[in-house]
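Heads up, the thing below is written out as structure tokens.
Since every read-out is calculated from the coordinates, none of them should be taken as a lab result. Since the model is a prediction, treat every value here as computed from it, not as a measurement. In this analysis, Cβ positions are derived from the backbone assuming ideal geometry, glycine residues included, and neighbour counts consider all displayed protein chains.
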Amino acid sequence: MNEISFGKAKLSDSLRISVLLKTVYVQTYAVDGVTFEFANFITKRFSTQSIENIIEKNPSRLIIAYQNGNPIGVAEIIYDSTCPIRKKAVPELSKLYVLERFYGKGIGFELMNEAEKEVRKNGFTEFNLEVYINNARAIAFYQRQGYTSIGNVDFPMEFNTYENLVMNKLLK
């Protein structure tokens, strides 16, 4: 049986979450292969130690989708974020990653619902996210969830910058 469940990240899952994040990032963004800049970025950003630090500081920041107890998707919420367009404090959906083999099964939709529920529970009425401007699949997904574009920003990575779309949703 393929039982899907959702919950807060646990320290014991740090290694598996690290691998999941790296895998999805490579599948999504390594359009020219894995460059040194890219490898450096994901190795630092998604290290097991980095994941452990996030979980220890705020276990509600990472919401995990599990199949049979194994991580298959993750949503990350950053509460102390400032909207780069409106210069206003707004929580940010920093990541919504689902392993490719689980696309089309409602995992992303449920992770988004869980993240929005968590943000509302903490007293916020809106939610931001940034998405790579060339990630048409993700942009279409976010639009279907009620997010609208409010502007563009640059995402720096070592030597290059990549244009991201900033999207926002008012939560009910």
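The number of residues in the range 108-141 that are part of a helix (DSSP H, G or I) and either surrounded by fewer than 21 Cβ atoms within 10 Å (Cβ to Cβ) or within 12 Å of the chain's Cα centre (by Cα) (or both) comes to 18. Being closer than 20 Å to Asn2 by Cα and of a type in the set (Ser, Thr, Tyr), is that true of even one residue in the range 87-101? Within the range 87-101, one or more residues are closer than 20 Å to Asn2 by Cα and of a type in the set (Ser, Thr, Tyr). Just one of the listed residues (Leu93, Leu11, Leu21, Leu99) is among the aliphatic types (A, V, I, L, M) and farther than 29 Å from Asn160 by Cβ, and it is Leu11.
Which of the residues spanning the range 14-46 are polar (S, T, N, Q) and either crowded, with 17+ Cβ neighbours inside 10 Å or over 15 Å from the mean Cα position of the chain (by Cα) (or both)?
Our first condition is that a residue be polar (S, T, N, Q); within the range 14-46, this holds for 14, 18, 23, 27-28, 35, 40, 43.
Passing the criteria: Ser14, Ser18, Thr35, Asn40, Thr43.
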